[in-house]
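No value in this document is a laboratory result; all are computed from the given coordinates. All figures in this text were calculated on a predicted structure; none of them were measured in a lab. Cβ placement follows ideal geometry from the backbone for every residue including glycine, while neighbour counts extend to all protein chains displayed.
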Amino acid sequence: MTIPFSTPPAVAWASGFFSHGPLRCKSTTIADLAGVFASSDAWQKEDPARIVYQVEMLDSLQGEGELYVGVTHLYPGHIGHEFFMTRGHFHARREQGEVYFGLRGEGMLLLQTEQGQARLEKVQPGSVHIISAYTAHRLINTGQTTLSALAVWPAIAGHDYQALKHGFALRLFAKDGGVAVNEVRYG
Ligand code: PAN
Ligand code: ZN
């Protein structure tokens, strides 16, 4: 009997780069993030082609019960004083959770319930973040270097970007060499 044997892709923990594929890659630019940052004036002054973050994910099986694995590389930078961040989303299938692992850099994971309650978890190398069901999530790079985080989520989860198109309840700004957290009031 021949026992099947293969070497799966490896991730370099220090950088978040996968050793080999098949991979799917997606870049998100300043232009893609219209309306996401607090200052539209500051957003307009930026180079629209500048990449804010890239996601590299394994091209794995789809469907009920399958898992996706991907690494987000969120570059350092600001729009005005607001730190670079991912768009952020609920899962389309709200009952599906996710796990993030901090690999390099430093930042925050912004979590928000459907009732609008927001909280922050510090992301750093080795940090483990359990994102519960019914919880929106966004990465924010508060450091000077690339923030990379590995994520594992159900293939069926899907992304709902519309539900938070007016933004999350907290915004993070650079202030006096540190981080200022502002509460946002909508409506
Ligand atoms: C992550 C995110 C990734 C990019 O893989 O999709 O960090 O963020 P946005 O999707 O909000 O642009 C994840 O949470 N997947 O479910
Ligand atoms: Zn997600």
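Can you pull out the GluC sites (Glu not before Pro) in region 20-91 whose DSSP state is coil and whose Cβ has at most 12 other Cβ atoms within 10 Å? Here the sparse-neighbourhood loop sites are Glu64, Glu66. Specify the longest stretch of the chain that does not include any exposed loop site, a site being one of the trypsin sites (Lys or Arg not before Pro) with a non-H, G, I, E, B DSSP assignment and at most 10 other Cβ atoms within 10 Å. Looking at the chain, 1-164 is the longest stretch - no exposed trypsin sites (Lys or Arg not before Pro) with at most 10 other Cβ atoms within 10 Å. Where Lys and Arg each count +1 and Asp and Glu each count -1, what net charge lies around Val55 among other residues with Cβ under 10 Å from its Cβ? Charge balance in the 10 Å sphere: +1.
Among Thr135, Thr7, which comes first, second and so on when ranked by fewest other beta-carbon atoms within 10 Å? Can you show the working numbers first?
On the way: Thr135 18, Thr7 7.
With the sparsest Cβ surroundings first, the list reads Thr7, Thr135.
Over the chain, dividing the summed -39,500 (n - 2.57) contributions of all DSSP H runs of at least 4 residues by the number of residues returns a 222 nm mean residue ellipticity of -500 deg cm²/dmol. Note on region 56-187: with charges restricted to the Cβ of Lys and Arg (+1) and Asp and Glu (-1), its dipole about the Cα centre is near 420 debye.
Modelled spin-label separation between Asp47 and Ala14, with each label point placed 7 Å from Cα along the Cα-to-Cβ direction: 2.8 nm. Taking other C-beta atoms within 10 Å as the exposure proxy, Met1, Met108, Met57 rank Met1, Met57, Met108 from fewest upward. Going from the fewest other Cβ atoms within 10 Å to the most, the residues Phe17, Phe173, Phe37, Phe5 appear in the order Phe5, Phe17, Phe173, Phe37. Between Lys175 and Glu64, the distance separating the two model label sites (each 7 Å from Cα on the Cα→Cβ line) works out to 4.9 nm. If R0 is 25 Å, the Cβ-Cβ spacing of Ala163 and Leu23 corresponds to a FRET efficiency of close to 0.30. Using a cutoff of 8 angstrom between alpha carbon atoms and counting only pairs six or more residues apart, the relative contact order for the chain works out to 23 percent. Restricting the chymotrypsin sites (Phe, Trp or Tyr not before Pro) of region 56-162 to loop positions (DSSP other than H, G, I, E, B) with no more than 15 neighbouring Cβ atoms within 10 Å leaves Tyr134, Tyr161.
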